[in-house]
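> Submitted below is the structure of interest, expressed as structure tokens.
Every number in this text was worked out from the coordinates using simple rules, so none of it is lab data. All values derive from a computational prediction rather than experimental measurement. Positions of Cβ are generated from backbone atoms using ideal geometry, with glycine treated the same way; all protein chains shown enter the neighbour counts.
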């Protein structure tokens, strides 16, 4: 609702003056890369969409009950497809009057009681329900559905969309799922249950009695597009559809985007991203960064923006954190690395680390040897940064010096950090590179 | 030019002015400030649904973010997840501060205890307040605490934009890297932003911001260099360094005040301050004494009195009854010596060591003091006690009372096994230095009886 308002506002701003500035383009693109993108541009999935469309339409028009699971990785466009199907369906007046939609999300409705309340709210039956007290969940749900029957007519079709479906399977006794599937299967009221999830094994989560009531219809959304498709998708995201009033700036913008799509640096960045992560949302992150860098003086994106965006989104955060620790802490990490090498990945405790450090510090005259308490404080800082973790939960009553720890940094990250570390003493570097075995 | 563009260019000028101001208050944070400003964009523009800002303490994560939000009066809520330790407090805090309710007037505070209600009420509040045309920022400081709450909270906050269908941006601030936040699925990745640490020069530049006005700038810079040279190896935390520099400055400036040295005589000043800084490293830095105690100690030293026993020295100094000391020593020996060796140390004719046991000893040598104290039965400790204590001691209730008071002093630990009432097990919790100083007071050579050191 909100987004449509925004869209109309931005078009109002642009049309009369015919002076689309970078601001307006930024507005539109930023919205497009946010989670509230108003008009999703879908790529592929025609077959899957058709399947779902038919199914939901049958419920909406003929009152047939259905249940289906939509499975696919995150960001593959499951929810977007469902939204676009719904929007297309309600263009039909008949369906718009009849079809009700209930949207539930596993992240929000964390138990069945909250879910039931939310269903009541979305069906706008709070008043009908009033203060009535029901014996069971099933009775309440049945009452709600009955309330939707108007007069002698059969009840209105309802579309239930359950996002993060797998989380509903963790509710106690799976009451909600059981009842929804039961209603769908025994044809008590025309409902269509659509579960959306990214878990391929979601069927295994269902209890036997729930599983037997489910229609076992599954639609897979697998993002099996090629690199070429990926590039096209990326550029289509950046392009602005020309408005009815033709505008030079938009034309220029699209020309620039076209130019970018042929640029070898940009293609390299996209290739890198594609091999690393095909997810469209990750692509959004890069594009959003690029768009954010634009302003009046610099209205068009350049290939270097893409390179910069890639750099920002793919920095190794642990190496970055290692860069900011003190020399003493760095020494401790190197000692831990050696200990892990010596004992073949076995956990170690502070005393071992300290003696390893003491051996090193005493050998090199230039290294100042610190008191145990100071070293312990440095050790605790590493613990607080979660670069080191205790292997047996924090609840144990072992003194902290003897608590078993394991190092959570890969040796390559340590080497990386040592190279970048400002004014790192050569002894420390040497110590890190010596093999102990 | 149209109105919009005019407004935009005006806005740009304002942003530039502000950037300058901000760079003055937060030196060395230019790139981060620029990036944040460009990401935020105009008030109504959408931005990332969530930002994750990480970096070490004192790198200005919270300060820079809140300063920008406050300056432009962007609708925002600042929540510290340590304060709001339960999900309910968190929801209510966010809703109430959006609403503009102060916490004191409890009449119309919003009540909310689950995510579902939160999302619904959030929409409601933002519409009521008429801020739904602008980006609402929710800043969650110390975001690592969110991991300890219900498992749906973090993923839900990360996709709050989608769930509320509002223009909202959640900013998470933490010291811990983003990888540690991922557990299970359901995560919309935030845009991860690093606030890098300061180099030494930058540290000095920042600390120069509040140099005492009565002294020369170069003089203070010199002093900061000295402080850094002592502390930088162990600590690069701006807050701690800043505190330590402030605390010790009077001491450093003293010779100049009294006329013993000139401001240029750096060598003399260094000689004067070095021992103090080193001492501060061992006490104030470890928080063994508070800063006020430290100042008091400094004053009493100046006045020529011996300083009260505090800090480092007090750690290995504790007054105990005579028998308690021996009980503690016995407990220490029982904890760190293997039971097999008791015969060798305490029996009259058990001093033989075969070659095999020597080999064994070499293997175990590293372990005992490395791996920590082992639990032992009460009987074993009492047997060692009778062997080491001078004179005959009757096993009276008084002796056993002292064991339990050692436990309550946390010098001994009771190992959890409540089923065995008749033979409880203990563990010795004191360090080697401590036990050395205790045994010195009773003229007992503890090192001769420790398997690791024989």
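> Rounded to the nearest 500 deg cm²/dmol, what is the calculated helix-only ellipticity per residue at 222 nm for chain B, with -39500 (n - 2.57) per DSSP H run of length n ≥ 4?
-15500 deg cm²/dmol
> For chain A, place one equal point scatterer on every Cα, skip the solvent, and apply the Debye formula. What is log10 of I(q)/I(0) at q = 0.07, 0.08, 0.10 Å⁻¹?
-0.58, -0.73, -0.95
> Over the C-alpha atoms of region B:107-163, what are the Rg and the largest Cα-to-Cα span, Dmax, in Å?
Cα only, region B:107-163: 12.5, 34 Å (Rg, Dmax).
> Now, a different point. Given axes a ≥ b ≥ c from the Cα gyration tensor, I'd like to know whether region B:2-194 is rounded (a/c under 1.5), prolate (a/b larger than b/c) or oblate. Working shown, then result.
On the way: a/c = 1.69, a/b = 1.26, b/c = 1.34.
Verdict is oblate for region B:2-194.
> Shape of region A:184-341 from its Cα gyration tensor (a ≥ b ≥ c, root eigenvalues): rounded if a/c is under 1.5, otherwise prolate when a/b > b/c, or oblate?
oblate
> Run the numbers for residue B:88 and residue B:127: contour at 0.36 nm per residue of separation, minus the present Cα-Cα distance, in nm.
Details: separation 39, 0.36 × 39 = 14.04 nm, distance 2.19 nm.
Between residue B:88 and residue B:127, full extension yields an extra 11.9 nm.
> Counting only helical runs of four or more DSSP H residues, what would the 222 nm mean residue ellipticity of chain A come to if each run contributes -39,500 (n - 2.57) and the total is spread over all its residues?
Dividing the helical sum by the residues of chain A leaves -16500 deg cm²/dmol.
> Determine the shielding of peptide A:319-331 by partner chains: average, over its residues, the number of Cβ atoms on other chains within 10 angstrom of each Cβ.
Averaged over the peptide's residues, the number is 5.
> Take the Cα pairs of chain B, get the Kirkwood Rh, then feed it into Stokes-Einstein at 4 °C and 1.567 mPa s and tell me D in µm²/s. Don't jump to the answer; show the numbers that get you there.
Values: Rh = 28.2 Å.
For these conditions, the coefficient is 46 µm²/s.
> Any idea what the relative contact order of region A:290-437 is, in percent, if you count C-alpha pairs under 8 Å spaced at least 6 apart?
Rounded, it is 29 percent for region A:290-437.
> Which one of A:388, A:307, A:68 has the biggest mean-square fluctuation once chain A is modelled by GNM with Cα springs under 10 Å?
A:388
> Turning to a different aspect of this structure: Can you order the peptides B:127-133, B:156-162, A:96-102 by their average number of other Cβ atoms within 10 Å per residue, highest first?
B:156-162, A:96-102, B:127-133
> Further, regarding this structure: With N residues in the protein assembly as shown, what two-decimal value do you get for its Cα radius of gyration over 2.2 N^0.38 Å?
Working it through for the protein assembly as shown, the quotient is 1.18.
> Considering only DSSP beta bridges whose two residues both sit in chain A, what percent are antiparallel, to the nearest 5? Walk me through the numbers on the way to the answer.
Working: 5 of 26 bridges.
Expressed as a percentage, antiparallel bridges in chain A total about 20.
> Compute the long axis of helix B:432-441 from its Cα atoms, compare it with the longest principal axis of the Cα atoms of chain B, and write down the angle in degrees, 0 to 90, nearest 10.
Roughly 40 degrees between the two axes.
> Using a Förster distance of 45 Å, how high is the FRET efficiency between residue B:218 and residue B:322, based on the Cβ-Cβ distance and rounded to 0.05?
The formula returns an efficiency of 0.15 here.
> What's the FRET efficiency of residue A:62 with residue A:211 using the Cβ-Cβ distance as r and R₀ = 25 Å, to the nearest 0.05?
Details: r = 26 Å, r/R0 = 1.05.
E(calc), rounded to 0.05, equals 0.40.
> Whole Å is fine, so just give me how far the alpha carbon centre of region B:136-201 lies from that of region B:248-296.
42 Å
> What is the gain in length, in nm to one decimal, between residue B:374 and residue B:113 on full extension, counting 0.36 nm per residue of separation less the C-alpha to C-alpha distance?
Working it through step by step, the gained length comes to 89.3 nm.
> Please report the antiparallel percentage of the DSSP beta bridges confined to chain B, to the nearest 5.
20 percent
> Helix B:397-408 against the longest principal axis of chain B: what's the angle in degrees, Cα atoms only, rounded to the nearest 10?
Between the helix axis and the principal axis of chain B, the angle is about 20 degrees.
> A further question on this structure: Given the options A:267, A:32, A:397, state which has the largest fluctuation in a GNM of chain A using a 10 Å cut-off (strictly under) for Cα springs.
A:397
> Still on this structure, please answer the following. So how far apart, in nm, are the two label points at residue B:13 and residue A:139 if each is 7 Å from Cα heading toward Cβ?
For the pair residue B:13/residue A:139, the computed spacing is 7.2 nm.
> Moving to a separate point now. Mind checking the full-extension length gain between residue A:83 and residue A:122? Use 0.36 nm per residue of separation minus the Cα-Cα distance, one decimal, nm.
12.4 nm is the gain from fully extending residue A:83 to residue A:122.
> Which shape class, rounded, prolate or oblate, goes with region B:200-315 when its Cα gyration tensor gives a ≥ b ≥ c as root eigenvalues, a/c under 1.5 marks rounded, and past that a/b bigger than b/c marks prolate?
Note, shape of region B:200-315 comes out oblate.
> Moving to a separate point now. Using only alpha carbon pairs under 8 Å that are at least six residues apart, calculate the relative contact order of chain B and give it in whole percent. Don't jump to the answer; show the numbers that get you there.
Numbers: 495 pairs, mean separation 58.2, N = 454.
Once normalised by length, the contact order is 13 percent.
> Another one. Within region A:349-390, whose backbone N sits under 20 Å from a point 7 Å along Cα→Cβ of residue A:406?
What the label zone holds, given the 20 Å backbone N cut-off, is A:349-354, A:380, A:382-390.
> If you don't mind, there's one more thing I want to ask. Could you grab the relative contact order for region B:2-194? Cα pairs under 8 Å, six or more apart, rounded to a whole percent. Each step should come with its number before you reach the end.
Working: 254 pairs, mean separation 58.2, N = 193.
Reported as a whole number, the value is 30 percent.
> Counting only other chains, what is the mean number of Cβ atoms within 10 angstrom of the Cβ of each residue in peptide A:370-376?
Partner-chain Cβ atoms within 10 Å, mean over residues of A:370-376: 4.
> How many percent of DSSP beta bridges within the protein assembly as shown run antiparallel, rounded to 5? Display every interim value, and only then the final one.
Numbers: 10 of 50 bridges.
Close to 20 percent.
> Averaged over A:292-299, how many beta carbons belonging to a partner chain fall within 10 Å of each residue's beta carbon?
For peptide A:292-299, the averaged partner shielding equals 3.
> So, one more: In nanometres, what is the gap between the two model label sites at residue A:397 and residue B:415, each 7 Å from Cα along Cα-to-Cβ?
1.2 nm
> Take residue A:344 and residue B:265, extend 7 Å from each Cα along the Cα→Cβ direction, and tell me the distance between the two endpoints in nm.
Calculated label separation equals 6.4 nm.
> Follow-up. Report, to the nearest 10°, how far helix B:355-365 tilts away from the longest principal axis of the Cα atoms in chain B, using its own Cα long axis and a range of 0 to 90°.
Taking Cα atoms only, the helix is inclined about 30 degrees.
> Here is a follow-up. Would you mind telling me which residue in A:69, A:408, A:294 has the biggest mean-square fluctuation in a Gaussian network model of chain A, where springs connect alpha carbons within a distance under 10 angstrom?
A:408
> A further question follows. Would you calculate the convex hull of the Cα atoms in region A:319-433 and tell me its volume per residue in Å³?
Once divided by residue count, the hull of region A:319-433 is 96 Å³.
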